[in-house]
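Student: Take a look at the following structure, please.
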Amino acid sequence: MKAWLKDLTRRERLLVSAMLGLVAVLLISLLIVRPLVKFRTNASQNLAVAQGTADYVGRAVENAAARSGKVETADNLRGIITSTAQKAGLRWLNIRQGQEDLTLTISFSGIQTDHLFGWLIELEERRNIVVRDARVSDTRNGSGVEASITFVQGR
């Protein structure tokens, strides 16, 4: 092989080198770049499907609880509270379920008071979910309030 390459003229060696470079670029494209692009596309499609399914399940839980007027399990209570909080534009830090009873404690930070109280009113009027305990205080930087709220099913 070395002898054959030495027998080539300078121009032919340059063309063979260019051809090898193009073959290398083609192989990298076919074996590395295209599978990565396909993987990323599939991952984004799977994420969209998962988000759609999560929204659908949240709405189904919310609708089922609204029809019955009563929350049967802590998971139903959690589904209603998280879906309505998302719709209200509230982002929570932590959610804890009560061990002995049907309660749920949710913590927020840096939220606007009007959004928080509007959401609480909606929960009580439309979902029959009431606040059992609430701790609300201003944030240190004045960008809203910090809140820790415990919910229970209304009577």
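The values are calculated or read from the model by the stated rules, or taken from the named source; none is laboratory data. Quick caveat, the model's predicted, so the values are computed rather than measured. Because the Cβ atoms are built from the backbone with ideal geometry, glycine has one as well, and the counts that use them run over all protein chains shown. These area figures cover heavy atoms from the full protein model, side chains too; ligands, DNA and RNA do not enter into them. Shrake-Rupley method; radii C 1.70, N 1.55, O 1.52, S 1.80 Å.
Student: Hey, got the dipole for the chain? About the Cα centre, +1 on K and R Cβ, -1 on D and E Cβ, debye to the nearest 20?
Tutor: Magnitude of the dipole: close to 1180 debye.
Student: Between Val57 and Trp4, what is the label-point separation in nm under the 7 Å Cα-to-beta-carbon projection?
Tutor: Result for the modelled spin labels: 6.0 nm.
Student: Over segment 1-112, with every protein chain in place, what whole percent of the accessible area is carbon and sulfur at 1.4 Å, could you tell me?
Tutor: Percent of accessible area from carbon and sulfur atoms in segment 1-112: 60.
Student: Please express the Cα-Cα pair-distance distribution P(r) of the chain as a list of whole percents, one per 10 Å bin, running from 0 to the bin with the greatest distance.
Tutor: 9, 26, 19, 11, 8, 8, 7, 8, 4, 0
Student: Now for a separate question. Just to confirm, what accessible area per residue do you get for the chain at 1.4 Å probe, in whole Å²?
Tutor: With the other protein chains kept in place, the chain gives 73 Å² per residue.
Student: Then there is this: Mean separation of Cα pairs under 8 Å and 6+ residues apart, divided by the residue count of the chain: what relative contact order is that in percent?
Tutor: About 16 percent, as a whole number.
Student: I've got another one for you. If you stretched the chain out fully between Arg34 and Phe117, how much longer would it get, using 0.36 nm times the residue separation minus the C-alpha to C-alpha distance?
Tutor: Full extension from Arg34 to Phe117 adds 24.9 nm.
Student: Would you mind working out the magnitude of the charge dipole of segment 85-155 relative to its Cα centre, with +1 at each Lys and Arg C-beta and -1 at each Asp and Glu C-beta, to the nearest 20 Debye?
Tutor: Value, rounded to 20: 160 debye.
Student: To check my understanding: the extent here is largest minus smallest coordinate of the Cα atoms along each principal axis. What are those three numbers for segment 106-155, in Å, largest first?
Tutor: Dimensions of segment 106-155 along the principal axes of its Cα atoms: 38, 17, 11 Å.
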